[in-house]
Amino acid sequence: MTKVRIFVTYKPSVFDPQGDTIKKTIHALGHDEVADVQVGKFFDLTIDAQGDQVAKTVKEVAEKLLVNFNMETYTYQVMEEN
């Protein structure tokens, strides 16, 4: 079993209205040192496979279900391998 976390974020060229709103609110709290906020989401998957099969599964799930490639991109991290 392999646990992975898939991170989905806006592409750098896409305006992130939620991140911008959060940044403005942080500035209103007096923390002008915060230069940018990017909002994203993550998905934890437990996959009954290892190695190349994990990468293949992550790629297919992300590209066919989780990511809108017009606006988003993804990365993933293996959290645990058994």
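The values are calculated or read from the model by the stated rules, or taken from the named source; none is laboratory data. Small disclaimer: the values here were computed from a predicted structure and weren't measured. Note: ideal-geometry Cβ built from the backbone for every residue, glycine included; neighbour counts use all protein chains shown. With ligands, DNA and RNA removed, areas are computed over all heavy atoms of the protein, side chains included. Shrake-Rupley method; radii C 1.70, N 1.55, O 1.52, S 1.80 Å.
Annotations for the structure displayed:
- Considering Thr75, Thr57, the condition of being among the polar types (S, T, N, Q) and part of a strand (DSSP E or B) is satisfied by Thr75 alone.
- For the stretch 14-69, the tally of residues that are within 17 Å of the chain's Cα centre (by Cα), within 16 Å of Met1 (Cβ to Cβ) and open to solvent by 90 Å² or more (accessible area, probe 1.4 Å) stands at 1.
- Scanning the stretch 62-72 for residues that are in contact (Cβ under 8 Å) with a residue 60 or more places away in the chain and part of a strand (DSSP E or B) turns up at least one hit.
- The lone criterion from (1) farther than 18 Å from Thr75 by Cβ; (2) open to solvent by less than 40 Å² (accessible area, probe 1.4 Å); (3) touching a residue at least 60 places away in the same chain (Cβ under 8 Å) left unmet by Thr2 is number (1).
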